[in-house]
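The values are calculated or read from the model by the stated rules, or taken from the named source; none is laboratory data. Only a predicted model underlies this, so the values are computations on that prediction, with no experimental measurement involved. Quick reminder, even Gly has a Cβ in these numbers, built from the backbone with ideal geometry, and neighbours come from all protein chains shown.
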There are 2 protein chains.
Amino acid sequence: MIGFEEYLRTHLPSAPSFHPTFDEALGAMLLAGGKRFRPKLLLSVVEAYTPLLVEGAYPVAMAVEMLHTYSLIHDDLPVMDDADLRRGEPTLHKRFDEVTAVLVGDALNTHTFYLIADAPLHNDVKVPLVKELAFNGGIGGMVLGQAIDCHFEGEKLRADEVDFLHECKTGRLIAASLKMGAIIAGLDQKMQEALYGFGLDLGLLFQIQDDIIDATQSRETAGKTTGNDEAKNSYINHYGLEGSIERADALSRKVRENLESFDAPLKERLEPLLTHYLNRHKG
Amino acid sequence: MIGFEEYLRTHLPSAPSFHPTFDEALGAMLLAGGKRFRPKLLLSVVEAYTPLLVEGAYPVAMAVEMLHTYSLIHDDLPVMDDADLRRGEPTLHKRFDEVTAVLVGDALNTHTFYLIADAPLHNDVKVPLVKELAFNGGIGGMVLGQAIDCHFEGEKLRADEVDFLHECKTGRLIAASLKMGAIIAGLDQKMQEALYGFGLDLGLLFQIQDDIIDATQSRETAGKTTGNDEAKNSYINHYGLEGSIERADALSRKVRENLESFDAPLKERLEPLLTHYLNRHKG
């Protein structure tokens, strides 16, 4: 069986036509690296409980990465964050043009659900997967969070509102990735919700660490446009660098404690992911 | 049972939060009228064969309208068609702002698939519906067509390329609407494909008529920004007004002939829709 990264590279979406660049642009941001954090979380759960279903879960893991990727493309647009660097390369609207970036984003958003519907899994599994991802990646999560983030730029939110913003924008898709793994693995409702809750904490931690990286690293190291977040409701702007690191460390302890309550095969798989991704600001 | 229009108005997507306008913006363009051509086509097929499933088909019909609506919102953006009027009202980015228009479009695109996954239909029906809509409304149709349309603005395409553009941009979503009705009604593959083919012709006819309206009517009558299509690969620009009316009339005859081959209950339902929508350029 091939690894997920190779699966992704050999299963890029394609829309061949006489348009000279659309097909290339469609896969460009998926190919441009990225941590693959969300698909790896999803696949960890499937691997831990139902290793025979991992290959069937690949298109679903790719769907989660695709939805995340479209959101980065649209977030980078001049009308949003106006970023020129992402994943160490020019953003899509810089490499092609703005129209292409809007449309490739739209196409990836839609195609996400094609991938799930087309996955070699039972229909009774695929329908709840579509529902979970469409809610947490849409009006019940990511898009709502981005709308709040953009609208309140330059306006200071309350602490609970900042948490809600980032839970929506980042946490719920990460939480959904874990829950979707649990749905594929056929875990019960209780375990699905436990993983979702664990994912919310993880997502918040991930976001705080992103803010810390943004505040402390150069764009060359971070691989994206950094340091233009003064007006944003970031954790740095609310808690300062010291306070953010403290909050990250406290959340990190909570996440690790919850991790201890999971079954060994799951713990084993999530542990290295957490170590790898969640100590980024320390080095 | 309530009618589809009332269903839509009482089932608007909602994302309540402390964001002052996002929730309102989310439903604004769905409420702003529109012909509801695509959902009516879908529901006609379901009504004709399986009237008991019509209520279950409402969320799917709404999903098709929602995907169409997001595409209008994004097409109207300054970076695309830069339109200020749609369905007789200010476009969404004029009424709110560009960020809101991008994000509401994204949210509706994603939520389309939530609606299907949440519909009171069998999972074995919902999965092919998701697949059909995601393909024809995405890289296999609408978005690809829009990308071609935008890219070749100001550059004259060949006649077969113009047909491909409009088949993708308009025809395939209309065709998919009919086929999705057939999937819900449990019609066989042959009938599904017959309706899809009929929909492609209908979509092309619809597009040519739209071009004719655009060329001949004021924006007040059309309810949208008109007459800014000189550089577009429209039928008017390829065949002229006379030629476009001729092509529309020939296509109209073909569509009516094919309509004759359908079962009486289906013919009865599609006939008034065609008469209503397809004689628009005649006044």
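Summary of values
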item	result
Per-region count, the range B:55-81, residues surrounded by fewer than 20 Cβ atoms within 10 Å (Cβ to Cβ) and more than 25 Å from B:Gly145 (Cβ to Cβ)	2
In the range A:111-125, the residues that are in contact (Cβ under 8 Å) with a residue 24 or more places away in the chain and either within 7 Å of chain B (Cβ to nearest Cβ) or closer than 17 Å to B:Asn109 by Cα (or both)	A:His111, A:Thr112, A:Phe113, A:Leu115, A:Ile116, A:Asp118
The range A:11-51, residues that are surrounded by fewer than 19 Cβ atoms within 10 Å (Cβ to Cβ), among the hydrophobic types (A, V, I, L, M, F, W, C) and not in a helix (DSSP H, G or I)	A:Leu12, A:Phe18, A:Ala32
Scan of the range A:233-264 for residues that are out of contact with any Leu (no Cβ under 8 Å at 6 or more places or on another chain) and within 19 Å of A:Gly197 (Cα to Cα), ordered by number	A:Arg247, A:Asp249, A:Ala250, A:Arg253, A:Lys254, A:Glu257, A:Asn258, A:Glu260, A:Ser261, A:Asp263, A:Ala264
Number of positions in the range A:82-98 that are free of Cβ contacts under 8 Å to residues at least 12 places away in the same chain and either in a helix (DSSP H, G or I) or buried (at least 24 other Cβ atoms within 10 Å of the Cβ) (or both)	1
The lone exception for B:Leu67 - which of (1) touching a Gly at 6+ places or on another chain (Cβ under 9 Å); (2) part of a helix (DSSP H, G or I); (3) away from chain A (no Cβ under 14 Å) it fails	(3)
Count of residues meeting criterion [within 22 Å of A:Ala15 (Cβ to Cβ), aliphatic (A, V, I, L, M) and in a helix (DSSP H, G or I)] in the range A:102-128	8
Residue identified as closer than 21 Å to B:Asp118 by Cα, modelled with pLDDT under 95 and hydrophobic (A, V, I, L, M, F, W, C) among B:Ala32, B:Ala63, B:Ala15, B:Ala57	B:Ala15
Condition broken by B:Leu72, with the remaining ones in (1) closer than 19 Å to B:Lys169 by Cα; (2) touching a helix residue (DSSP H, G or I) at 6+ places or on another chain (Cβ under 6 Å); (3) in a helix (DSSP H, G or I); (4) not small (Gly, Ala, Ser) satisfied	(2)
Test: residue in the range B:100-123 that is closer than 23 Å to B:Leu30 by Cα, charged (D, E, K, R), buried (at least 24 other Cβ atoms within 10 Å of the Cβ) and more than 19 Å from the chain's Cα centre (by Cα)	no
Total residues in the range A:80-93, condition at pLDDT 95 or above and within 14 Å of chain B (Cβ to nearest Cβ)	2
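Here's the yes/no breakdown for (1) more than 13 Å from chain A (Cβ to nearest Cβ); (2) closer than 26 Å to B:Leu26 by Cβ; (3) out of contact with any strand residue (DSSP E or B) (no Cβ under 9 Å at 6 or more places or on another chain); (4) part of a helix (DSSP H, G or I):
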site	(1), (2), (3), (4)
B:Val130	no, yes, yes, yes
B:Ile148	no, no, yes, yes
B:Glu167	no, no, yes, yes
B:Thr170	yes, yes, yes, yes
B:Ile183	no, no, yes, yes
B:Gly203	yes, no, yes, yes
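Every residue, every condition in (1) hydrophobic (A, V, I, L, M, F, W, C); (2) under 16 Å from the mean Cα position of the chain (by Cα); (3) more than 22 Å from B:Tyr277 (Cα to Cα), yes or no:
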site: B:Met1; (1), (2), (3): yes, no, yes
site: B:His11; (1), (2), (3): no, no, yes
site: B:Ser14; (1), (2), (3): no, no, yes
site: B:Ser17; (1), (2), (3): no, no, yes
site: B:Gly27; (1), (2), (3): no, no, yes
site: B:Gly34; (1), (2), (3): no, yes, no
